[in-house]
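Working notes, structure below.
Only the coordinates and a few stated rules stand behind these numbers; no lab work does. Here the structure is a predicted model, which means the values were calculated and not measured. Here the Cβ positions follow ideal geometry from the backbone for every residue, glycine too, while neighbour counts run over all protein chains shown.
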Amino acid sequence: MKELSDLININRLNALAGDLVRIPSINPPGNVEACVDRLMKLFERHGVHGRVVSKFEGKPNFVAELGHGSPVLLWNGHLDVVTAGEEKWEHDPFGGAIKDGFLWGRGSVDMKGSVSSMAEAFLMLAESGRELKGTLKMTAVSDEENFGVAGTRLLADEGEVKADFAIVGEPTNLGVEVVQRGIMWFDIIAHGKTSHGARPHLGINAIENMVEVVKILKDRLSPLLKERSHPLLSPPCISITMFHGGEKVNVIPDYCKLSGDRRIIPGEKEEDVRREIEEVVREYRTDENRLEFNVQKLVLPTETSSDHPLVQTLLKNIERVTGEKKNIAGKDAGTDAYIINAQLGVPTVMFGPGDFRLSHRPNEHIPLEDMAQAAKIHYLTALNMLGVGL
Ligand SMILES: [Zn+2]
């Protein structure tokens, strides 16, 4: 068998990652056409026919398969990125600079470096000439950063992420994450009555009433959440993230709206998560002080058993390639594993190169060495999971 170091094409891997970072696929609007085009051409050049699955303008998804039949191993990664922000970067966030063994730029960690590792591993497998006993399916998607419908959501609707097991390539520092927290996004709206600023007693001040609700959420619910725990995750939490109200400085406001972000751990039930906020709202709701509570989005936590063969195979191959023993971990933030695992029931883990703590921050950068190691680990794991042996 050819050595892994002979199979991997480091230049091809680094060139892809650099080129993807140079495409500013910031979401919103999240146009990833050029990224998908780059992948299509690369795969085509190496004799692999990729496909584009798309329903929304500027938001195509790349799909490629190797082998056929079951089982199916799915690789999933996203091509959109968040804004570079206002702060000045050491290197141009969309310059794709390669310096001192790192690739610099927005999306290098989250997660164009990881998508490039998957693409490289895919091409290594295609070039190895080994026949897989099953199907390897790679999906590089749009619309992840804003929880949108054009990416993995669309692929799920089209039956494109049906699989027996899946790896979501979010950055894990080459560790394996088997659990992620769930999310509830909600609004609370207060309706009051306007009056002149000189006669506040004739009106109902929606902002002042809403502030009381916020106080209870922070003083009563927050401490309660901090007491709950999971061995691999931070405790659940609640944050008020948007607050709007008032139209004129001398008018008592009759409308106030806040939006909040609640993170959920396994063991917390959907109805309880809703009820805890509903109860606070009900406590303050009167005929005069009308309060509404609406859930905008709710996804439950996902969890895959650490005994699952995919987890154990990844751990073994991580040690083989890096020489390091890794422990399993959990992810506090959300990923497309929600759709693949929580909604479709596909056992899913997160594994990828790069330090998650650099995601969404200035001076995001990823070690090139980690990208190469991730490609080798993916290669070996696909061979193991698809029954080829080594
Ligand atoms: Zn991400």
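Summary of values
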{"item": "Low-density loop positions, chymotrypsin sites (Phe, Trp or Tyr not before Pro), segment 1-91 - DSSP coil, at most 16 other Cβ in 10 Å", "result": "PHE56"}
{"item": "Projected-area mean, segment 237-389, by convex hull of Cα positions, square nanometres", "result": "13.7"}
{"item": "Residues in segment 138-159 that a label on LYS2 would reach, taking backbone N under 20 Å of a point 7 Å out along Cα→Cβ", "result": "138"}
{"item": "Options VAL249, LEU358, ALA150, ranked by Cα towards positive dipole end of the chain, top entry (Cβ charges)", "result": "LEU358"}
{"item": "Helix-derived mean residue ellipticity, 222 nm - over the chain, DSSP H n ≥ 4, -39500 (n - 2.57), to 500", "result": "-9000 deg cm²/dmol"}
{"item": "Along each principal axis, Cα extent of segment 24-128, largest first, Å", "result": "49, 36, 25"}
{"item": "Stokes-Einstein D (µm²/s) once Rh is taken as the Kirkwood radius of segment 128-285 over alpha-carbon pairs, at 10 °C in 1.306 mPa s", "result": "81"}
{"item": "Of the DSSP H helices in the chain, those whose Cα atoms cover at least 20 Å axially and whose Kyte score averages 1.6 or more", "result": "none"}
{"item": "Extension gain (nm, one decimal) between HIS308 and SER128, 0.36 nm per residue minus Cα-Cα", "result": "62.1 nm"}
{"item": "Which of GLY387, VAL53, SER195, positive extreme of dipole for the chain (C-beta unit charges)", "result": "GLY387"}
{"item": "Normalised per residue, the volume of the convex hull around the Cα set of segment 170-214 (Å³)", "result": "128"}
{"item": "Net lengthening on full extension, HIS201/ASN363 (0.36 nm per residue, minus Cα-Cα)", "result": "53.1 nm"}
{"item": "Kirkwood hydrodynamic radius of the chain, Cα pairs, Å", "result": "22.5"}
{"item": "Selection of chymotrypsin sites (Phe, Trp or Tyr not before Pro), segment 319-390, meeting DSSP coil and at most 12 other Cβ within 10 Å", "result": "none"}
{"item": "Inter-site label distance for GLU87 and ASP287 at 7 Å from Cα along Cβ, in nm", "result": "5.3"}
{"item": "Charge dipole (debye, nearest 20) of the chain; +1 at Cβ of Lys and Arg, -1 at Cβ of Asp and Glu", "result": "140"}
{"item": "Loop GluC sites (Glu not before Pro), segment 293-353 (other Cβ atoms within 10 Å of the site Cβ: 14 or fewer; DSSP)", "result": "GLU324"}
{"item": "R0 of 22 Å, Cβ-Cβ distance GLU57-GLN296: FRET efficiency to nearest 0.05", "result": "0.40"}
{"item": "Residue-span extension gain [HIS68 to ASP332] - 0.36 nm each, minus C-alpha spacing", "result": "91.6 nm"}
{"item": "Translational diffusion of segment 322-363, µm² s⁻¹ [Kirkwood Rh, Cα pairs; Stokes-Einstein; 25 °C; 0.890 mPa s]", "result": "195"}
{"item": "Of ASP287, ASP336, ASP187, the one that fluctuates the most in a GNM where the chain has Cα springs shorter than 10 Å", "result": "ASP287"}
{"item": "Residue-by-residue Karplus 3J(HN,Hα) for segment 219-232, coefficients 6.51, -1.76, 1.60, Hz, glycine and proline x", "result": "7, 9, 6, 3, x, 4, 5, 4, 7, 7, 8, 9, x, 10"}
{"item": "Cα centroid separation - segment 249-290 against segment 122-172, whole Å", "result": "37"}
